[in-house]
Amino acid sequence: MPTNILEFPIRHIENNLVFAHDNTVWAYYRIEGFSYDFLDFDDKVKPFQHQLSYLSNNGHDLHFVIDPTPKNISGVVNQTIKEMERMDYSLKENGKHFMEQVNQHLNKQRSLNESGEYIHYLGVQLDPSKNRYLSPNMGNTLLYQLKNFLDGLRSPVYRAVGLNPYDIPLEVIEAYQKQAESLITNMANGFSSMIKSVTTEELIYLAEKTYSVSPTNQDVTYRQAFASGDKVEGVDSNNIHHGAIRPKENAFIDLQNANIDEVGPKTLLLSKIRNNEIEELYTQYLVCNDMNDVSSHPGFEWLYHVQSRMPFPVTISIRAHHQPNRLVQKKLSNARLEYKDQRKEAAKGQDSIDQSVVESEQGAVQMENYFKQTGQPGYSCSFVFKVVAKDKRTLQTRVEQLTDELSRFGVSIVSPYGEQLNLLMETIPGSKQFNNDFPMYVSPTILAGMMFGATTNIGDNRGFYIGYTRQFQKPVFIKPDLAAKAYENVNNVFDSISVMVAGMTGKGKSLFMNLFVYLAALTGSQGLIIDPKGDRKNWTKGLPYIPEEYISVWQMGTNANDAGSLDPFRTSTDLEEGKDICMDILTHLTNVDINDDAYAILSEAIEHVAKQEDPCIGAVITYLENLYNAANLNAARINAIDKLKGMLETLRRNQLAKLLFGEVGQQYKVLQPDVPVQVLMVQNLNLPSKTTKKLRPQHKISEAIMISLTAFTKQYMFNQDRMRHKFILQDEASSIEQSAVGSELMDFIVRMGRFYNTTLIKGSQNASDHGQDVANMGMKFSFGLRKTEEAQEMLNYLNLPQTQENIDVLKNLGRGDALFQDIFGRSAVIHINPVFRDLLDAFDSSTATEEEKQRELMQTS
C-alpha cells in the first residue's frame, strides 16, 4: 500500500528549526565527531563522562540520528573544479581534465561499495513544556498548559488582520533561533567535538533519504534554495505590522516521490522511476525490545561498533524523551508496589511467584535507589534501525548479521509486525514517536555509553583525493590550504597548513609527498621541492598532465653557472638573516667555537662584507687575506686568521662547495617564480646519517648547502603572491634540524606558513627528526616506523596514548599505509592511492627496472 503524503510530519523548516504538525519545534545540529579508535582506557572514559554530564543536565526531549552518508565524490570533485575555474594558472585545463578522470574512476569504484561516512545529528525539542513526560506535579502541568494557552491568545496571529492561525510569526521563529543558538556551547562540551547548526538543505536531504531507492542514496540530491513557506504580513488593531511565515501545504510532496508497498508484515519495498527504469529497494525497520539496565564503560559502545564494523549502511534513529527524576522515582515506586501486590496475592493462594517477577522487582529496587542517590533524570527511548538491500535474501542476511552483532552488547532487536510504515515516519526529523510497544527506560549512563559522536570519518571532504581508509575503503580528500581560510563553518582544531611526514624507507613516504605536490599543482598551487637525494631527475621529461615546460628541475652543480647560487647572502630574505646564516655555515665548516679567537675574526669579516655592494663568502675570504697581510697583529691573531684562511681556501676548491662560495661580480642562477613546480637538486650531496660518528668535510658541506637551500625556500615564500597557495617540500629534513639556524628557519616557515599561504611538507624517516615545531604542524602522516621508541614519539606528536596496540599499528603499517591525523584532530589508517598506474610509475623511487619487476612477478606467481 502506498504511503499517505498527508502523514508527513514536517510543517515548515527554517534554517535548523523544524516546525512539526503536532506543534512541536525541533532544532537539529550536526556533531562533527571525535576519534575513538586509538584512545586508551582512561581516555575513553573522558568522552563518556562529558556525555553523561550533558544528558544528566539536559531538560529537553532529544532525537539522535546516525545517518550513513556515502561520500558525494562527484560533489567534492565538482566543487574543487569550480574553485579551480576561479583561479588563473597555467595548468588549469590539465587539472580539470585530470579531476574529471578521477571522478569517473572513483564513482565506478563507489558503485561496488556501499560504505560511507556516518554523520551524527542531534535534534532538541526546544520547548521543554512540550516534552512527552512532564513533572508528576499536576498543578505545575496545568499551569504550563494555561500559560501556553494565554501566550497563544496574546500572539499577533490572533490579533492581526491578514494572518492565519497556522502562520508562524517571525518573532516566534527568532525566539526559537536564539534558544537554539544558546544550546550549542553545552552540546559541544558534551559531545567532545565541534557542533554546528544544520542547514535547511541538510534537513530536506535527511527527510528525502527516507524515500530513497538506492543503497547509496544516489537518487537524492541536495535541494538548493528550498522554501517550505512564504513570507506574509498582517496588521493589528494598533496598525502595527507583523511578519509571519505561511507554510506551503504541498511543499514536501516531491520529497515523498516513491511508491511504498508492504510486501510483508516486516518488509517494505520502495520503488520509483529513474532514467525510464524502475528502481527498487527492500527496507526493514527494527526496534530495540530489550537492553541491559546496567553497563560498564568502556565496553558498551554498541552504536560506535555498528558504524565501524558493519560492512553495510545502517540508519539509526533514537528518540529519547526526558523524564524528570521525581517522575522516574514515582514510576519505579509504583512498579515496586505492583510487585508487592503480586507477592500478597500469591501468598493468599499459597503459591510462589515467578522467578522473572523476583528479578524484575530486584531490578526496580536497584534502579529506584540509583535515581534517588544520583538525582539524574531518566529517558524513555525508542531505538529504530533501518537496513536496506536490493533483494530480499541480502536484506535478511544483513538483518541477521546486525541482530547477532548487537546481541554481543546485550541489545536485542526485533522487527514489529505490521509497523514498518509507522517506523519509517518516526525516523524523519521532527516526527513523533510511533514505537510505543517497546519503550526502553534507561538512565543517562546507558545513552552516554553507546558513544554517540565517536566517528571513523577522516579528511577535509573537499580538495583532491589522496587515498582511502583501510577500513571499508572510504575515499579521503584533503585541501592543503583549508586551515588558513578561517571559515566559520570549518571548525578545525589545527590552524597550521604545514604537513609532517615520517616513515622508514620503502613504506611509501616519498610516493605520498610526490603525489601531494603533484595534485596541489594541478589544482592551482605552485611550489618548490628540495630534493637532496636526486629522486626526481626523471621529472625533466614532465609528468602525466604536467608537461615538461611547467616543471623546472635544477640540478645544481652540473653547470658552471650554478657557482655561488647558494651563497647565504644570496639565498636569504634580507641582509641580517644572510649574516646569521653565513656565520653559522662558516663556523660549522671550520669547527670554530664561540670561545675561539677565530669566531670574533669571522664575525668581524662578515660584518665588514655585509656593508659592501655584493656581499658573499668569497668577499669574506678576501677580507681575511687582506687582514692577514696587515701590520701590527699579534701572533695568536695571525695564527687564527691563517688557519681560517687556509681552511676556507681549501674548501673553496671543493666542487660541491663552489655552490656556497660566491664571488664578487659573479653571474649566478636564481629561482624561476613563474614555473608551477620547481625541483632543486644538488649533485653529489652526501648527508650524514644519525649513526655517523665523525663528520667529514663532504658531510659538513652537504649540511651547509641544505641550510642555505632552506633559506632559499623562505625567500620563495616571501616573494610569491600571498593569495595563491604555495607548497615547499623539504625532503630529508633531519639534516637541517641538526643545525640551530636550520632548525630556526624550518620553525619560521612552519609558524608563518599560514600567513603566507605556504604549506611546508616536512619529510623525514624518523618521528624524532621533526624537532620542536610538531605542535605547529597541521596534517600529520606516519608511515611504517621500525623502532618502538620512534612509534612512541609519533604517538606523542599525535597526542594519542602510547598503548602497545597503537605502537603495533605504527610498526606494522604496510607499504602505502599511513596513520593520518587531519586538521580536525581525527586519526585513521589510510592507504595512499595515486589512482592511475602511470602516476605510480612516475613516482616510484625503487631501483628495480620494469624487466626486473616482471621477472620477479613471474617467479612468485
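Bear in mind these aren't lab numbers, they're just calculated from the coordinates by the rules spelled out. Since the structure is predicted, the reported quantities are computational estimates derived from the model, not experimental observations. FYI the Cβ positions are ideal-geometry reconstructions off the backbone, even for glycines, and counts take in every protein chain you see.
Points worth noting:
- Qualifying trypsin sites (Lys or Arg not before Pro) in the range 44-114, DSSP loop, other Cβ atoms within 10 Å at most 16: ARG86
- By the beta-carbon count within 10 Å of each Cβ, the least crowded to most crowded order of ARG653, ARG309, ARG786, fewest first, is ARG653, ARG309, ARG786.
- Pairwise label distance in nanometres, ASP614 with ASN436, each label 7 Å out on the Cα-Cβ vector: 9.5
- The range 465-535 - Kirkwood radius from inverse mean 1/r over Cα pairs (Å): 14.4
- Calculated FRET efficiency for the pair GLU85/LYS248, C-beta based, R₀ 35 Å, to 0.05: 0.50
- Restriction of the chymotrypsin sites (Phe, Trp or Tyr not before Pro) in the range 30-124 to DSSP coil positions whose beta-carbon has at most 11 other beta-carbons within 10 angstrom yields no sites.
- The range 772-837 shape via C-alpha gyration tensor axes, a/c threshold 1.5: oblate
- Share of Cα-Cα pairs in the range 508-621 lying beyond 17 Å, as whole percent: 66
- Taking all pairs of distinct alpha-carbon atoms in the range 164-261, Kirkwood radius in angstrom: 16.6
- Quotient of Cα Rg and 2.2 N^0.38 Å for the range 175-329, N being how many residues it contains: 1.43
- Bridgeable lysines around LYS669 (alpha carbons under 30 Å apart, same-chain partners fewer than 8 residues away excluded): LYS92, LYS533, LYS537, LYS541, LYS579, LYS611, LYS645, LYS658, LYS700, LYS714, LYS726, LYS762.
- Euclidean distance of C-alpha centroids, the range 541-599 and the range 400-478, integer Å: 57
- Pairwise centroid distance, computed over Cα atoms, of the range 63-88 with the range 229-279, Å: 26
- Shape metrics for the range 26-106, restricted to C-alpha atoms - Rg then Dmax, Å: 20.9, 58
- Where chymotrypsin sites (Phe, Trp or Tyr not before Pro) fall in DSSP loop in the range 189-222, at most 15 other Cβ within 10 Å: TYR222
- Stretchable slack from SER412 to ASN684, in nm (0.36 nm times residue separation minus alpha-carbon distance): 91.1 nm
- Sites THR540 and GLU100, calculated FRET efficiency, Cβ-Cβ separation with R0 22 Å, nearest 0.05: 0.20
- For the range 560-668, alpha-carbon Rg relative to the globular expectation (2.2 N^0.38 Å, N residues): 1.01
- Note on THR185/LEU695: beta-carbon distance plugged into 1/(1 + (r/R0)^6) with R0 of 45 Å gives a FRET efficiency of 0.20.
- 3J(HN,Hα) from dihedral phi, the range 591-597, Karplus parametrisation 6.51/-1.76/1.60, rounded to Hz, x for glycine, proline: 6, 8, 9, 4, 7, 7, 4
- Separation in nanometres of the label points that stand 7 Å from Cα toward Cβ, at ALA175 and ASN57: 2.6
- Label-to-label distance, nm, for residues given as GLU604 and VAL235 (7 Å Cα→Cβ offset): 9.5
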